[in-house]
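The values are calculated or read from the model by the stated rules, or taken from the named source; none is laboratory data. Being a predicted model, the structure only gives us computed values, none of them experimental. Reconstructed Cβ throughout: ideal geometry from the backbone, glycine too, with neighbour counts over all protein chains shown. Calculation scope for accessible area: heavy atoms of the full protein, side chains included, ligands and nucleic acids excluded. Shrake-Rupley method; radii C 1.70, N 1.55, O 1.52, S 1.80 Å.
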Amino acid sequence: MSQAKGRILLVEDNELNRDMLSRRLTLRGFAVSIAVDGLQAVSKAGEEVPDLILMDISLPELDGWEATRRIKAAPTTAAIPVIALTAHAMAGDRERSLEAGCDDFDTKPVELDRLLGKINGLLAGSGK
Ligand code: MN
């Protein structure tokens, strides 16, 4: 098995978005695992301790902000970089994401090269 560029936990409830982004990240050399709601995001983050989390904000069970708060509050997962993804380019979403503990923020539909720039920057910053 070849060395992955990093292990990413992709949290997204929309199946089409999830499959497309997961496939594109896999093609770019990342090992991708999936969570489909906020509670699963928190539990998988704890079990897998991925290198980075892509966190949709609008999610069932817990929204992406609350899931991020819980991930950042737990010692095992606190250091994992989180990039919030939202479909709404609402002015306040970026601030709310950063307040919740997200390390960065991007909007959907994803522009892959822009998102990869943020992913690689955070992985480099965390020593990966
Ligand atoms: Mn969603």
**OP:** Could you tell me whether segment 80-89 includes any residue that is in contact (Cβ under 8 Å) with a residue 60 or more places away in the chain and open to solvent by 60 Å² or more (accessible area, probe 1.4 Å)?
**Re:** no
Original post:
more than 26 Å from P75 (Cβ to Cβ) and open to solvent by less than 60 Å² (accessible area, probe 1.4 Å), is that true of L16?
Top reply: no
Original post:
Can you tell which of S58, S43 is open to solvent by 50 Å² or more (accessible area, probe 1.4 Å) and under 21 Å from D106 (Cα atoms)?
Top reply: S58
Original post:
Where in segment 5-100 are there helices (runs of 4 or more DSSP H), lying wholly inside it, with at least 3 residues that are within 14 Å of the ligand (Cβ to nearest atom)?
Top reply: 15-27, 38-48, 64-73
**OP:** Could you check R96 against (1) among the charged types (D, E, K, R); (2) under 17 Å from L9 (Cα atoms); (3) touching a helix residue (DSSP H, G or I) at 6+ places or on another chain (Cβ under 8 Å) and say which number it fails?
**Re:** (2)
